[in-house]
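Reviewing the structure listed below.
The values are calculated or read from the model by the stated rules, or taken from the named source; none is laboratory data. All values derive from a computational prediction rather than experimental measurement. So basically every Cβ, Gly included, is an ideal-geometry build from the backbone, and we count neighbours across all protein chains shown.
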Amino acid sequence: MSSLLVTGIGQLVTNDATLGDGSPLGTLVDAALVVEDRRVAWVGPAASAPAADTAYDVSGRAVVPGFVDSHSHRVFAGDRSEAFAARMRGRPYSAGGIRTTVAATRAASDEQLAANVARHVGEMRRQGTTTVEIKSGYGLTVVDEARSLALARQATDETTFLGAHVVPPEYADDPAGYVDLVTGPMLEACAPHAKWVDVFCEKGAFDEDQARAVLAAGAAAGLSGRLHANQLGHGPGVQLACELGLVAVDHCTYLSDADISALASSGTVSTLLPGVEFSTRSPYPDGRRLLDAGCHVAIATDCNPGSSYTSSMPLCVALAVREMRMSPAEALWAATRGGAAALGRDDVGHLGVGAAADLAVLDAPSYVHLAYRPGVPLVREVLVGGSPA
Ligand SMILES: [Zn+2]
């Protein structure tokens, strides 16, 4: 077993408050860390670092935990650039556009879909993301949902069955029949490839009773629940997620005071997806209001071809700071340890001793540059388990 010393770190964000400056980010200056067996074995001042088999000097750059993108839809074919252009000319976003991608995904071969997933994962890695969640939801048949999840599983263990994304055209007159399919044969085919079950609980997609039915069936099949909720308007999804004690509820753009207090008391993580509001020219969720109420907040990309075709966590950090009134420290936390919490993980999203040695070296002296220099490719190197990704 060989060890690696990463040294010359001008600023090291550990996300471990017991380390460094005592802030939630646990920041150290002139720091080093040692990796053994894919995990962080030691963290401290570079001057007192122990010897290791090999050394990597980052020459004063900042090092942050790898981003944890806890919400993405990366198994699809085609794109919807025309719809984006139309939206930018003034047409509103609606959930129905998902059906366009469903048709393209059904028509694609396994090889085409696998190549798309691999391309997206590479793109994401180059921007510092080291853990990703990937959903199905563009197949919407038993066969197409199962193959989507089998392909996603090749890229990550964090796979989510989202058969309840939208009612496909062939069930337009029989949504109850589609929910029966999702909770029956489709779930049975998908559960072996999935960790999570998710529902798009929104007007135009699935209502509260349907969401309850899908989450209950998923739980009975061993899947943990999460929800898309309160994206396009007020609705029951956030309170349902809190009532059921789900790990995370995602979007949270339209929140009542009752929703906020439910989130604060339940501990369910609110995952904010500012790439969506950017790409649909919609009002952003109020990250400040959630944080001030004591809610747990994560940031993710929602990478998908309709409402947020970005794989860039640094962009989402910048948007959270600029548009959601979060500090650079709060946004970085939400994009790393917050994302890990939204996946029920404590082994990633931080660089305390024992954590996975997943990290990004920034071509910058400080993590603040992620928001301060938006659009600039600041991620210079990414290590996953201490190895170049
Ligand atoms: Zn989504």
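Tabulated values for the structure
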| quantity | calculated |
| --- | --- |
| Test: residue in segment 312-328 that is without any contact (Cβ under 8 Å) to a residue 40 or more places away in the chain and of a type outside the set (G, A, S) | yes |
| Residue within segment 90-110 that is within 15 Å of the ligand (Cβ to nearest atom), part of a loop (DSSP other than H, G, I, E, B) and touching a helix residue (DSSP H, G or I) at 6+ places or on another chain (Cβ under 9 Å) present | yes |
| V63 more than 22 Å from G275 (Cα to Cα) and either crowded, with 17+ Cβ neighbours inside 10 Å or touching a strand residue (DSSP E or B) at 6+ places or on another chain (Cβ under 7 Å) (or both) | yes |
| Residue check for V68: among the hydrophobic types (A, V, I, L, M, F, W, C), within 22 Å of P377 (Cα to Cα), within 16 Å of the ligand (Cβ to nearest atom) and in a strand (DSSP E or B) | yes |
| Complete set of residues in segment 43-65 that are outside any strand (DSSP E or B) and either within 16 Å of the ligand (Cβ to nearest atom) or touching a residue at least 40 places away in the same chain (Cβ under 8 Å) (or both) | A49, P50, A51, A52, D53, V58, S59, G60, R61 |
| Matching residues, segment 119-169, being acidic (D, E) and either in contact with a helix residue (DSSP H, G or I) (Cβ under 7 Å, 6 or more places away or on another chain) or more than 16 Å from the ligand (Cβ to nearest atom) (or both) | E123, D144, E145, D157 |
| Check on G20, without any contact (Cβ under 8 Å) to a residue 24 or more places away in the chain and within 27 Å of A300 (Cα to Cα) | yes |
| Filter result (closer than 29 Å to G245 by Cα and of a type in the set (A, V, I, L, M, F, W, C)) within segment 354-372 | A355, A356 |
| Yes/no for S307 being of a type in the set (G, A, S), at pLDDT below 95 and out of contact with any strand residue (DSSP E or B) (no Cβ under 6 Å at 6 or more places or on another chain) | yes |
